[in-house]
Amino acid sequence: MTTTLGNRPYKHLPHPAAPVADALDGKLGDAIDDRVADALEDYIAEGRLDGLIRPRRSPQGLAAFVAAGVAAVLLPWCLILAATLPSTYQAGHWKLTWIGLDCGTAIAAGLTAYLLHKRNRYAALSAMAAGTLLTADAWFDVSTASAGFDRTLSLTEALLLELPLAVCAFVVAARELKRR
């Protein structure tokens, strides 16, 4: 059976559900076929369909695919780093690194306060960023501190200041997301 869609001939291929369709009353099947053909002709006439059938892809599906790909690459990369990185390293821009991290945290916290004051829906995003930066700051403070007083000070700051503030930022973000 050959049908014309627009100016192209279209050959019907056997469908896996053909036995079920044959069992239906012929009138019902014909009515459904006519409606589908009419809808396809409308789509082609309006330029919404070029005659090629493609799977639908949503932005969320693509984002999930990319995130899964990043995770799949980073997990083995962590093992490679664990096996190959030296235990110590002389950093060339130590001050710039810490000043940059702390300034980024301060900007994220200040932006969160401003957006909360303005009742802006993007406060959840800046709160998540602030919480993440505070957690990273605590991690790097503790993991880069030398043994003795420096490590004790870093642990104290992390447990009494940075991590509780990070939890508060995550709670703020979760509450803001629930409100929207």
May I ask you to derive the relative contact order of the stretch 132-180, considering only C-alpha pairs under 8 Å and at least 6 residues apart, and to give it as an integer percent? 42 percent
Once the whole set of protein chains is in place, how much accessible area is left on F65, using a 1.4 Å probe, in Å² to the nearest 10? 150 Å²
Within the stretch 142-158, the residues whose backbone N lies under 12 Å from a label point placed 7 Å from the Cα of T88 along the Cα-to-Cβ direction are 146-147
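On a full-extension model of 0.36 nm per residue, what is the gain between S143 and Y114, subtracting their alpha-carbon distance, rounded to one decimal in nm? Let's see the in-between values first.
Working: separation 29, 0.36 × 29 = 10.44 nm, distance 3.20 nm.
Additional length available on full extension: 7.2 nm.
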Roll a 1.4 Å probe over the protein heavy atoms and report the accessible area of H93 in Å², nearest 10. 130 Å²
Give the Rg (one decimal place) followed by the Dmax (whole number) of the stretch 121-180, computed from C-alpha coordinates and expressed in Å. 13.7, 47
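The values are calculated or read from the model by the stated rules, or taken from the named source; none is laboratory data. Since this is a predicted model, take the numbers as computed values, not measurements. Ideal geometry is used to build each Cβ from the backbone, glycine not excepted, and the neighbour counts take in all protein chains shown. Each accessible area value is taken on the protein alone, full model and side chains, heavy atoms only, with ligands, DNA and RNA left out. Shrake-Rupley method; radii C 1.70, N 1.55, O 1.52, S 1.80 Å.
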